[in-house]
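The next block holds one structure in the form of structure tokens; read it before the comments.
The values are calculated or read from the model by the stated rules, or taken from the named source; none is laboratory data. The structure presented is a predicted model; accordingly, all values stated were derived computationally and were not measured. Note that each Cβ is placed from the backbone with ideal geometry, even for glycine, and that neighbours are counted across all protein chains shown. Remember, those area values only see protein heavy atoms, side chains included, never the ligands or the DNA or RNA. Shrake-Rupley method; radii C 1.70, N 1.55, O 1.52, S 1.80 Å.
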Amino acid sequence: MLMIERVLGSRLEPAFHERIHRLEHSGGVDVVTVSTVDMPRRRLRLVSARGEDLAIALPRDQKLFDGAVLLLDEDRAIVVRAEVERWLSFQPRSIAEGVELGYHAGNLHWRIRFAGERLLVALEGPIEGYYARIDALPGVASIPRIVVTGEMAA
Amino acid sequence: MLERPQGQKSGRLASAARIGIGGPVGSGKTALIERLIPELQARDVDFAVVTNDLVTREDAERLRRSGLIDPERVSAVEAGACPHTVIREDPTLNMAAGDDLEVRFPGLELVIFESGGDNLASTFSLDLVDWWMFVIDVAGGDDIPRKKGPGVLKCDLLIVNKVDLAPHVGVDLPGMLEEAQRARGERPVVAINARSGEGVDTVADMICRAVLFRP
Ligand SMILES: Nc1nc2c(ncn2[C@@H]2O[C@H](COP(=O)(O)OP(=O)(O)OP(=O)(O)O)[C@@H](O)[C@H]2O)c(=O)[nH]1
Ligand SMILES: [Mg+2]
């Protein structure tokens, strides 16, 4: 178990950028993926991509973020990667469809976002769970939908 | 074995871990703390408690008088009318109470926050705590997990308390636990009796593993 007691900085900072880039070439950069649910936590246990067991305990004035450098030495760096958020993007074809979708999305307490004429539902668990709910609602199941990731959902 | 990266001071952790205990009125949050105290003491955990009461300081007084813990290690926050606001929307009062305990007790490893009794929708802000549990009780009815309240779904550990009452209130306990587990997927559910202490050792072990990084 490796104890991490502070975030050193962002991988984009000039102080780290070059060194991490060099380590990347020598295969010395390890990544730890952090889910949306875990990102606000200051204390948690995670396993990095290379299998390092990390015990993270940050001071109260620090937080994890995408690109946070947790460890940097001569031959190794450990960097946080934010798990890409996935959204179910609905494209209603009529006002009636939009109204019905909005009604059910609210009822189901889904976390949603609007993007023009689309309604995006955050996938906070297995997608099958969402499909099970949707299939029980014919008026929603017939609305065209696709899964999009963080950047595309913007 | 605990290893530290080069250049980082060894010694005590960055700050004390903070955990929350939420749940409906009377579900057994304070009773659980009373049972956790000896379990944590037996595990050599240096800890303190912050209670949130509506307008009185009854829970804090109850713990101070219990003889189980140094009364100085129990702080009270008066939550006012909406107990969830001081653990979710604006937890600054509780954060200050935690900071104060850390200053007064150097070496403190854990602060436990008991939320005032609320409804099934109350959740803790992760700005306040690192990990939190939600206590429901058997007498509240076996349909509680089915209602899928945010407290039941989002907590890190769901506790079903008062298992001794199941036969008296006509609740099918295995069914209730199964339903709770189904609602939570892979996240843990533990059944306890805060009166007798049954199951509380498991809760103490889970706290130690999750936020104190004990094996
Ligand atoms: N039979 C039985 N009674 C219990 C158990 N746990 C708690 N109680 C009783 O339930 C009542 C409420 O317990 P508390 O610990 O005060 O509950 P609480 O959740 O702290 O209540 P508030 O802080 O007022 O929301 C008390 O009378 C306890 O003795 C249990 O496991 N079994
Ligand atoms: Mg209480």
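Quick check on this structure: which one of A:ARG50, A:ARG113, A:ARG60 is open to solvent by 40 Å² or more (accessible area, probe 1.4 Å), under 23 Å from the mean Cα position of the chain (by Cα) and more than 29 Å from B:ARG214 (Cα to Cα)? Result: A:ARG113 is the single residue among A:ARG50, A:ARG113, A:ARG60 that is open to solvent by 40 Å² or more (accessible area, probe 1.4 Å), under 23 Å from the mean Cα position of the chain (by Cα) and more than 29 Å from B:ARG214 (Cα to Cα).
Could you say whether any residue in segment B:130-140 is over 15 Å from the mean Cα position of the chain (by Cα) and open to solvent by 30 Å² or more (accessible area, probe 1.4 Å)? Walk me through it before giving the result.
Taking segment B:130-140 and keeping what is over 15 Å from the mean Cα position of the chain (by Cα), we get B:138-140.
Still in the list and also open to solvent by 30 Å² or more (accessible area, probe 1.4 Å): B:139-140.
So far as segment B:130-140 goes, yes, one or more of its residues are over 15 Å from the mean Cα position of the chain (by Cα) and open to solvent by 30 Å² or more (accessible area, probe 1.4 Å).
For segment B:93-106, a tally of residues being free of Cβ contacts under 8 Å to residues at least 40 places away in the same chain and open to solvent by less than 80 Å² (accessible area, probe 1.4 Å) returns 4. If B:GLU186 meets every condition in (1) assigned to a helix (DSSP H, G or I); (2) at pLDDT below 95; (3) away from ligand 1 (no atom under 16 Å from the Cβ) apart from one, which number is that one? Against the list (1) assigned to a helix (DSSP H, G or I); (2) at pLDDT below 95; (3) away from ligand 1 (no atom under 16 Å from the Cβ), B:GLU186 comes up short only on (1).
For A:PRO92, work out the one condition from (1) closer than 29 Å to A:VAL34 by Cβ; (2) assigned to a loop (DSSP other than H, G, I, E, B); (3) more than 14 Å from chain B (Cβ to nearest Cβ) it doesn't fulfil. Unmet condition: (1).
Within segment B:44-52, identify whether any single residue is open to solvent by 30 Å² or more (accessible area, probe 1.4 Å) and within 16 Å of B:LEU108 (Cα to Cα), and answer yes or no. Write out each step before concluding.
Taking segment B:44-52 and keeping what is open to solvent by 30 Å² or more (accessible area, probe 1.4 Å), we get B:44, B:46.
Pick out the ones that are also within 16 Å of B:LEU108 (Cα to Cα) and you get B:44, B:46.
For segment B:44-52, residues open to solvent by 30 Å² or more (accessible area, probe 1.4 Å) and within 16 Å of B:LEU108 (Cα to Cα): present.
Hey, can you tell me all the residues within segment A:83-97 that are open to solvent by 30 Å² or more (accessible area, probe 1.4 Å) and of a type outside the set (Asp, Glu)? Result: A:VAL84, A:ARG86, A:GLN91, A:ARG93, A:SER94, A:ILE95, A:ALA96.
Looking only at strands (runs of 3 or more DSSP E) that fall completely inside segment B:30-136, which ones have 3 or more residues that are at pLDDT 95 or above? Write out each step before concluding.
Numbers: elements: B:47-53, B:74-78, B:110-114.
Those strands (runs of 3 or more DSSP E) span B:47-53, B:110-114.
Answer yes or no: is there a residue in segment A:134-141 that is within 14 Å of chain B (Cβ to nearest Cβ), aliphatic (A, V, I, L, M) and open to solvent by 10 Å² or more (accessible area, probe 1.4 Å). No - not one qualifying residue is present in segment A:134-141.
Residues being open to solvent by 10 Å² or more (accessible area, probe 1.4 Å), away from chain A (no Cβ under 14 Å) and more than 12 Å from ligand 1 (Cβ to nearest atom) are represented in segment B:146-156 by at least one member.
Matching residues to (1) part of a strand (DSSP E or B); (2) open to solvent by less than 50 Å² (accessible area, probe 1.4 Å); (3) of a type in the set (Asp, Glu):
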{"site": "A:LEU23", "(1), (2), (3)": "no, yes, no"}
{"site": "A:THR33", "(1), (2), (3)": "yes, no, no"}
{"site": "A:ASP38", "(1), (2), (3)": "no, yes, yes"}
{"site": "A:VAL99", "(1), (2), (3)": "no, no, no"}
{"site": "A:GLY102", "(1), (2), (3)": "no, yes, no"}
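With respect to B:MET176, is the statement that it is in a helix (DSSP H, G or I) and touching a residue at least 40 places away in the same chain (Cβ under 8 Å) true? Judged against the criteria, B:MET176 is not a match.
May I ask you to list the residues in segment B:189-215 that are within 19 Å of the chain's Cα centre (by Cα), within 11 Å of another protein chain (Cβ to nearest Cβ) and part of a loop (DSSP other than H, G, I, E, B)? Give the derivation first.
To start, the set of residues in segment B:189-215 that are within 19 Å of the chain's Cα centre (by Cα) comprises B:189-214.
Next, from what is left, pick out any that are within 11 Å of another protein chain (Cβ to nearest Cβ): B:209-214.
B:LEU212, B:PHE213, B:ARG214, listed by residue number.
Contact map, segment A:23-38: first residue at pLDDT 95 or above, second residue small (Gly, Ala, Ser) and open to solvent by 70 Å² or more (accessible area, probe 1.4 Å), Cβ cut-off under 8 Å, separation 6 or more or different chains; pairs are A:ASP30/A:ALA49; A:VAL31/A:ALA49; A:VAL32/A:ALA49; A:THR33/A:ALA49. Pairing each residue of segment B:17-33 that is within 14 Å of chain A (Cβ to nearest Cβ) with any residue that is near ligand 1 (Cβ under 8 Å from one of its atoms) and among the acidic types (Asp, Glu), provided the two are 6+ apart or on different chains, yields C-beta distances under 9 Å for B:GLY20/B:GLU114. Per the listing A:ARG19, A:ARG45, A:ARG60, A:ARG6, the residue uniquely assigned to a strand (DSSP E or B) and not assigned by TED's automatic domain parsing to the domain that holds A:VAL148 is A:ARG45.
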